[in-house]
């Protein structure tokens with residue numbers, strides 16, 4: 001299979017491959033899915049031919065994204081995504097909790113969305129500063 005990419009498109013592909021493998025494998029510790037690591041290594045190996053050698057390094061016999069790549073801002077993009085997802089999930093879970101176990105229906109969907117929006121607004125204004133957890137229960 002051949003894919004024709006401009007240098008800029010290839011650089012974007014590197015970001016996408018790195019982020020994808022990060023999502024899949026970053027929390028797996030010793031149980032990494034090797035096939036994703038192998039695809040990442042294969043894609044990053046093309047850096048050597050395209051004057052992007054600073055973006056790849058050899059580690060234990062495998063080509064991996066270099067420290068320069070990892071430190072180049074990609075983790076800020078991942079962190080922004082994680083922050084948004086964290087607050088969205090938290091808002092939804094709190095809104096569902098507020099419904100006292102009532103199943104979601106067409107009739108209460110609007111009320112649920114209003115609660116989610118209220119929580120998201122709170123988080124936009126104050127982050128988690130106003131969240132408290134009662135550990136004595």
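In the set (1) more than 21 Å from residue 11 (Cβ to Cβ); (2) surrounded by 14 or more Cβ atoms within 10 Å (Cβ to Cβ), the condition left unmet by residue 37 is number (1).
Within the stretch 27-45, the set of residues being under 18 Å from residue 56 (Cα atoms) and outside any helix (DSSP H, G or I) is empty. Of the set (1) within 17 Å of the chain's Cα centre (by Cα); (2) loosely packed, with under 14 Cβ neighbours inside 10 Å; (3) in a helix (DSSP H, G or I), all apply to residue 24 but (2).
The combined condition, being under 14 Å from residue 18 (Cα atoms) and free of Cβ contacts under 8 Å to residues at least 12 places away in the same chain, is not fulfilled by residue 40. Screening residue 5 on (1) in contact with a strand residue (DSSP E or B) (Cβ under 6 Å, 6 or more places away or on another chain); (2) outside any helix (DSSP H, G or I) shows it passes everything except condition (1).
Taking the listed residues 64, 89, 116, the one that is part of a helix (DSSP H, G or I) and in contact with a helix residue (DSSP H, G or I) (Cβ under 8 Å, 6 or more places away or on another chain) is 116, with no other qualifying.
Each reported figure results from applying straightforward, stated rules to the coordinates on display, with no laboratory input. The structure presented is a predicted model; accordingly, all values stated were derived computationally and were not measured. With ideal geometry, Cβ positions are generated from the backbone for all residues, glycine too; neighbour counts draw on all protein chains shown.
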